[in-house]
Amino acid sequence: MKISVIHGPNLNLLGLREPLVYGNKTLKGINKQLSNKALALGCEIEFFQSNSEGEIVDYIQLLKERNFDGLILNAAAYTHTSIAIRDSLLAIDIPFIEVHISNVFKRESFRHKSYLSDIAVGVISGFGYMGYEYALDFMIKALKQGEIR
Ligand code: DQA
């Protein structure tokens, strides 16, 4: 089983960026923990971070032919703006979970709109870096049990 994790713009600054909102963990630290969990659950995992919308679209487009089974996606600010990322997700038709570290519904109203939520398996928002772990846990179990595909 192969799962991809995409981190969108500014998430490379985790640990430094607004720690009261996004916590103290670095992206490297989060990815390390996810790698350990994937290994324990017998799943292959790949990480991708980009600040560029086009690079994220290019990466998503290849996931199907690269035989990925699922995707965990924090598109960060592009969540609220990007029809291009939405269209690339519809094109590849691979199940994905939308993750946000912060609770976007507690924040500015422009963060309440997502171009991705209605085509996601589900959304996790406000559980800090642990949201990624919950998403990975669910995705592996649900894929194994054939509950999502
Ligand atoms: C975020 C929430 C977005 O609104 C914001 O633009 C981000 C991070 C989160 O993980 O809480 O960059 O996706």
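The values are calculated or read from the model by the stated rules, or taken from the named source; none is laboratory data. Predicted, not measured: the structure shown is a model, and the values here were computed from it. All Cβ positions, even for glycine, are placed from backbone atoms using ideal geometry, and neighbour counts span all protein chains on display. Note: areas computed on protein heavy atoms with side chains; ligands, DNA, RNA excluded. Shrake-Rupley method; radii C 1.70, N 1.55, O 1.52, S 1.80 Å.
Okay, here's what the table says:
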| read-out | value |
| --- | --- |
| Any pair with Cβ under 7 angstrom, 6 or more apart, that starts in the range 16-43 at a residue that is free of Cβ contacts under 8 Å to residues at least 24 places away in the same chain and ends at one that is open to solvent by less than 70 Å² (accessible area, probe 1.4 Å) and not polar (S, T, N, Q) | Asn24/Gly15; Thr26/Leu14; Thr26/Gly15; Leu27/His7; Leu27/Leu11; Leu27/Leu14; Ser35/Ile45 |
| Subset of the range 10-19 (residues that are within 12 Å of the ligand (Cβ to nearest atom) and either buried (at least 17 other Cβ atoms within 10 Å of the Cβ) or assigned to a helix (DSSP H, G or I) (or both)) | Leu11, Asn12, Leu13, Leu14 |
| Among the candidates Ser102, Ser125, Ser109, Ser117, residue that is within 13 Å of the ligand (Cβ to nearest atom), open to solvent by 80 Å² or more (accessible area, probe 1.4 Å) and either of a type in the set (S, T, N, Q) or closer than 22 Å to Met1 by Cα (or both) | Ser109 |
| Top-ranked residue of the range 20-59 - restricted to ones that are of a type in the set (Val, Ile, Thr) and assigned to a helix (DSSP H, G or I), ranked as farthest from the ligand (Cβ to nearest atom) | Val57 |
| Single unsatisfied condition, Ala76 versus (1) open to solvent by less than 10 Å² (accessible area, probe 1.4 Å); (2) within 16 Å of the ligand (Cβ to nearest atom) | (1) |
| Which numbered condition Leu34 misses (of (1) at pLDDT below 95; (2) buried (at least 16 other Cβ atoms within 10 Å of the Cβ)) | (1) |
| Test: residue in the range 55-73 that is touching a His at 6+ places or on another chain (Cβ under 8 Å) and buried (at least 16 other Cβ atoms within 10 Å of the Cβ) | no |
